[in-house]
Every structure is written in structure tokens, then in C-alpha cells.
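Just below is one structure, and these are the notes that go with it.
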Amino acid sequence: MTVQQKMKTLTHFINGVETAGTSGRYSEVYNPTTGEVIAQVPLATRDEVKQAIQLAKSAFPAWKKASIGKRIEVLHRFRQLLIERQDELIEVICEESGKTKEDAKGEIVRGIESVDMAISAPQMLKGEYSVNVGGNINAFSAKAPLGVVATIAPFNFPVMVPLAITSMAVAVGNAVILKPSERVPISALYLSKLWKEAGLPDGIWTVVNGDKEAVNELLENKEIQAISFVGSTPVAEYIYQTGTKHNKRVAAFGGGKNFMIVMPDANLEQTANAFLGAAYGAASQRCMAISGAIVVGKDTEKRFTEILKEKVLKLKVGPYTDNEVDFGPVITQQSKDTILRYIDGAVEEGANLVTDGRNPEICETSKGFYLGPTLVNNVTPDMTIFKEEVFGPVRIVVGVEALQEAIDLINDHELGNGVTMFTSSGSAARKFQEEIEVGMVGINVPIPIPVGYHNFGGWKRSKFGEGHMFGPDQARFFTKAKTISERWPDETEDTTSSFAFPSN
Ligand code: NAD
């Protein structure tokens, strides 16, 4: 029996139990590779979310009190299960997202990196201690979990993003509510089973499926202490504004327009290879995908475009069941239509299609949501295709005269998630690294995603609020500091009243 046959009508996962939805509202879950509906996911009402929050709140005190060692034991078992069930999990991810198997495996490996980071939580929870700050008083600070916290996740990393956020939140003692994307809920439900099997107490990991209605309850419910959101920029901004209005700690990670600067001194063959995978991998549905090349110098631009064209035309688009495929379909027909509009719009605005992926060969035999790799040049900064994130395999080439012009174009862009530069010049790299206004920067690195123990997050409209994903910052985001001053006077010490402001 395949995964979809087992899970025709999906559930929530509340208080350790698969719980049927009661709203009567459902959203269809597709297999993008075939275009078929594989399941329907319930969309929770505000009342269902409220109940889930209450149950999480009841579970929180015991988890908070559990020794850090006991909590970490659960994470160790969870990590082991992720490895043991990797093949099954890959199948689940591929079926509902259309990713290639290699790509799904990569996302699990990166997810496990976040679990590893969470396993090191004891190190990060160590407080600070000062002896005798005055009058035999010792002062120390301790980190306490926040309570019930929520994560709202996007479709493009059905496993990695939930793991990246929730592992640390759980490890430091919170109860977590995950609202996965309604397009990929099966992976989140699969993770629920693993948490349960690992011994996580009921109520500490909850999945509520839903749409804006469920999200609004999470944003407004006074029991939710913090929200970590990952998704598109307009929704990230809405989450940040609404969540903070309701006094929550919010980190909202949005979209990206990530450029690769190509310098005339770069090895163009190597750079083109780096561009290809980083730009078109996962059908470009990555917040850190390279969106386009900004090439310095007319001659370099011409040569680089020729090399890219030859390579792009050789890319293979198809189903994840074919191991030779470079990337699969986009997530839905609606998404495909949006991407097609971007291509048509670019042509109308005067850009040129170096390669045209609007009608890939595979569409003759498959109803999957496929698009071929499209490369667009003659792009200028005033065009929509330059200004907006295109979440599909349409990438651009922009020509500039000098490095300064490339840096200025990127700094003027409203998004600032990732950026990279290919060069053999140390001084150019240094100028770039110092002057660029972007959160994650690469030098001769195709996708500059920080590893799990470094902080992840963009600048400008790619991130709203403080706090990072991954890294030590995440432990800070999901805890609050308590500073304690203590003194144990003996009978002989002077404890008379003092009306002056305490000083040392
Ligand atoms: P999305 O913004 O459409 O959805 C993200 C989540 O928000 C989903 O759970 C969805 O149900 C919910 N949502 C959607 N519309 C909402 C609304 N109006 N009100 C409340 N909740 C709403 O994003 P997506 O299409 O699932 O994911 C792709 C986007 O995510 C891209 O823009 C990509 O760049 C971005 N992304 C960013 C990062 C990052 O780390 N910065 C990582 C992955 C993806």
C-alpha cells in the first residue's frame, strides 16, 4: 500500500493523537509529478486551534521541568529514527513536493543538522554567574523556555524547515505547534509519528493543518508566546505585524532574489556549473536559489550567456522516479500559471528568452506541473522579472559595466536573503563582502546557506523581526533570560534597611 492510499483524508496531530478535522473544510494535496490529487487535508477552525493550544499549554510544565538530559535523550532517539526511516521519508517528500530523491535526501540531512544543533542545547542553556557583585550577593542568569510557541512553514522544504525551527524549540523546553503548508502536510504528519515513537510527551509537538483561519488564531491567541514563520514576503510581513501587535516575539523569514555576481576574472566554466545547480535545483523553489547572474563586462556577459545556454539546454526535467532527472515539477498548476505569466511579462517588457521552458517535452506525456529551464537576458532593473521573486525555473542574466554597479543594484533591491560572487580577485571579494547589504553572502560558493551551527537569515524585506533560524540565535529566540541575585546572610551580618538605590 502506498503512502497516499493510507492517508486519503489527512488529520491533525493533537496531544499525541491523529485527530480528524471537524471544520468540513478541506484543501486538496497534489502529487505534482502526476498532477493527481493524493489526499485532502482538513483546514482547522479557530476553535480547533484553540483546543490544540490549550492541550499544548497543559503539557508544557512537565516538559519544562524535565531535566535537560531527559529532553535531549528524546532528541537523540528522534535523530536515530530520521536516519532509520530516511528512505520512507524521502518517498513522502518526493510524492507531495515533486523533488528529486537526491534533493529530498539533502533536505533530510540538513534537517538532521538542526537536530544536532538542538542536541547541543545544554551548552547553549548554560547561564552566566558572578560571585559577590556587592554585599556578598551572587548574581546569575538562567534561560527559561517561553511556553507554547508556533511555527508556520512553507511548502518548499516539507521536512527541513519544520526541523530547523522546532527541534531547538522543543529541546529548550517549549511546547510547539506546527502549521505546515497545506500543500505538503503529509511530511509533517510523518514527523509527528517519529516524535511520538522517540518518546516525546503528548502535547509537546502538535500539527494543526489549515489556512489563514488557523494562522490567525495562532497570531492572536494570548497563549502563543512566539511565532517563527517561513514563507513569502507579503505573508511574512503580515505575520510580523499581526503577531507583534498581539505582543508576541516574531521572526518572519520571507522570500529572496539572490544574485550571483560574475567577475571577468572568474573561471566561467566552473561558475556556469555552480550557477546551474544553485539556480535550477528543486525547480528553483528555494528561498536561497540563485535568481540570476549579474555579469561584469560586455564580453564576459556574452561568453557566460553562451556557456550557460549550452548547459541549460541539456538539463533534464522529469519525475523523481527517474534518477537522471535534474529537477522536477513546480508545486501546483496555480504556481505554474504564475511563473508562465512572469515569462510572458518579461518578453512584453523587452527581455529576451535565451531558452524557453514554457512547453517542456515531458508535458506531452505527463499531466505533472512541469516547466523547463528558462534563461532570460536583456533584463533591466525596472522590469518585473528583476524586481520580484520568481519561485520557478526562470532565471535572468543582467549585464553591468563594473563591480560597483552590481553591488548598487543588489543593495537597492528590496530583498536581501542571499548573494554570491565568483571571482579570482581577493580585493574584489573583500569589497563585495564589506559593502553588500544582504544577510547571507558567498564567495565562490554557489548557495551560501549557513550550516546548522551558524545563524540563518536575510536582510531587508527578506526577514522581519529579530532572531535567526539555525545557529545559537535560535536558542535565544525560544528562551527568555531570568537574572537572579541571591544572598545568604548569617546571623552576624548587617541587614538594616537602606533607602539609597543599591550600588556596589
Ligand atoms: P506562503 O507565504 O504562501 O505560505 C507559507 C505559510 O503561510 C503556509 O503555511 C501558508 O498556509 C501560510 N499562509 C499563506 N497565505 C497566508 C495568509 N494570507 N495568511 C496567513 N497565512 C498564510 O509561502 P509558500 O509558497 O508556501 O513558500 C514559498 C515562499 O517561502 C517563497 O517566497 C520562499 O522564498 C519562501 N521561503 C523562505 C525561506 C527563508 O528562509 N527565508 C525558506 C523557505 C521558503
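The values are calculated or read from the model by the stated rules, or taken from the named source; none is laboratory data. Just so we're clear, the structure is a prediction, and the values are computed from it rather than from any experiment. In this analysis, Cβ positions are derived from the backbone assuming ideal geometry, glycine residues included, and neighbour counts consider all displayed protein chains.
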Requested in this report: Any residue in the range 483-498 that's touching a residue at least 12 places away in the same chain (Cβ under 8 Å): show its pairings with residues that are in a loop (DSSP other than H, G, I, E, B) at Cβ separation under 6 Å, as long as the two are six or more apart or on different chains.
Outcome: ARG487/ASN136; PRO489/THR495
**Report entry** Long-range neighbours under 9 Å by Cβ, at least six apart or interchain, first residue over 24 Å from THR355 (Cβ atoms) and of a type in the set (Lys, Arg) within the range 389-415, second within 16 Å of the ligand (Cβ to nearest atom) and part of a helix (DSSP H, G or I)
**Finding:** none
Report task. Give me the pairs, please: first residue somewhere in the range 215-232 and within 17 Å of ALA164 (Cβ to Cβ), second residue anywhere and within 14 Å of the ligand (Cβ to nearest atom) and assigned to a strand (DSSP E or B), beta-carbon distance under 6 Å, and either six or more positions apart or on two chains. Result -> ILE227/ALA150; ILE227/VAL250; SER228/THR151; SER228/ALA251; PHE229/ILE152; PHE229/ALA252; VAL230/PHE253
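Scan GLY399, GLY439 and give me the residue that is under 20 Å from the mean Cα position of the chain (by Cα) and surrounded by 15 or more Cβ atoms within 10 Å (Cβ to Cβ).
GLY439
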Query raised in the report: Where residues in the range 144-158 are among the aliphatic types (A, V, I, L, M) and within 12 Å of the ligand (Cβ to nearest atom), which of them is nearest to GLN123 (Cα to Cα)?
Result: ALA150
Query raised in the report: Restricting attention to the range 244-256, which residues are in contact with a Gly (Cβ under 8 Å, 6 or more places away or on another chain) and over 15 Å from ALA153 (Cα atoms)?
Result: THR244, ARG249, GLY256
Query raised in the report: When the range 62-86 is examined, which residues are found to be free of Cβ contacts under 8 Å to residues at least 24 places away in the same chain and more than 22 Å from GLN123 (Cα to Cα)?
Result: GLU84, GLN86
Report task. Kindly provide the set of residues from the range 287-304 that are charged (D, E, K, R) and under 18 Å from ASN273 (Cα atoms), ordered by number. Result -> GLU301, LYS302, ARG303
Report task. Check VAL172 against each of (1) within 16 Å of the ligand (Cβ to nearest atom); (2) over 14 Å from LYS50 (Cα atoms); (3) surrounded by 24 or more Cβ atoms within 10 Å (Cβ to Cβ) and name the one condition it does not meet. Result -> (1)
Report task. Output yes when any residue across the range 57-68 is touching a Gly at 6+ places or on another chain (Cβ under 9 Å), among the polar types (S, T, N, Q) and under 21 Å from PRO145 (Cα atoms), and no when none is. Result -> yes
Query raised in the report: Pick from the range 442-463 the residues that are more than 17 Å from VAL262 (Cβ to Cβ) and without any contact (Cβ under 8 Å) to a residue 24 or more places away in the chain: which of them is surrounded by the fewest Cβ atoms within 10 Å (Cβ to Cβ)?
Result: HIS454
Query raised in the report: For the subset of the range 264-304 comprising residues that are in contact with a Gly (Cβ under 9 Å, 6 or more places away or on another chain) and β-branched (Val, Ile, Thr), which member is farthest from the ligand (Cβ to nearest atom)?
Result: THR300
Report summary line: Over the range 312-336, the set of residues surrounded by 17 or more Cβ atoms within 10 Å (Cβ to Cβ) and not aliphatic (A, V, I, L, M) is GLY318, PRO319, TYR320, ASP326, PHE327, GLY328, PRO329, THR332, SER335, LYS336
Requested in this report: Return a yes/no flag: does the range 218-225 have any residue that is within 30 Å of ARG395 (Cα to Cα), near the ligand (Cβ under 9 Å from one of its atoms) and in contact with a strand residue (DSSP E or B) (Cβ under 8 Å, 6 or more places away or on another chain).
Outcome: no
Report summary line: By residue number, the members of the range 264-308 that are among the aliphatic types (A, V, I, L, M), crowded, with 23+ Cβ neighbours inside 10 Å and either farther than 21 Å from ILE331 by Cβ or without any contact (Cβ under 8 Å) to a residue 40 or more places away in the chain (or both) are ALA266, ALA272, ALA293, ILE294, VAL295, VAL296, LEU308
Report summary line: Filtering the range 238-263 down to residues that are surrounded by fewer than 24 Cβ atoms within 10 Å (Cβ to Cβ), more than 10 Å from the ligand (Cβ to nearest atom) and not in a strand (DSSP E or B) yields TYR240, GLN241, THR244, LYS245, HIS246, ASN247, LYS248, MET263
Query - Residue match in the range 61-73 (condition: surrounded by 20 or more Cβ atoms within 10 Å (Cβ to Cβ) and touching a Ser or Thr at 6+ places or on another chain (Cβ under 9 Å)) - result: no
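Residue by residue, here is whether (1) in contact with a His (Cβ under 7 Å, 6 or more places away or on another chain); (2) away from the ligand (no atom under 11 Å from the Cβ); (3) among the basic types (Lys, Arg) holds:
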{"position": "ILE443", "(1), (2), (3)": "no, yes, no"}
{"position": "PRO448", "(1), (2), (3)": "no, yes, no"}
{"position": "TYR453", "(1), (2), (3)": "no, yes, no"}
{"position": "LYS463", "(1), (2), (3)": "no, no, yes"}
{"position": "GLU466", "(1), (2), (3)": "no, yes, no"}
{"position": "GLY471", "(1), (2), (3)": "yes, yes, no"}
{"position": "THR479", "(1), (2), (3)": "no, yes, no"}
**Report entry** The listed residue being more than 13 Å from the ligand (Cβ to nearest atom) and surrounded by fewer than 24 Cβ atoms within 10 Å (Cβ to Cβ), out of GLU182, GLU197
**Finding:** GLU197
Report task. Would you mind telling me which numbered condition in (1) under 21 Å from GLY147 (Cβ atoms); (2) at pLDDT below 95; (3) among the hydroxyl-bearing types (Ser, Thr, Tyr) THR2 fails? Result -> (1)
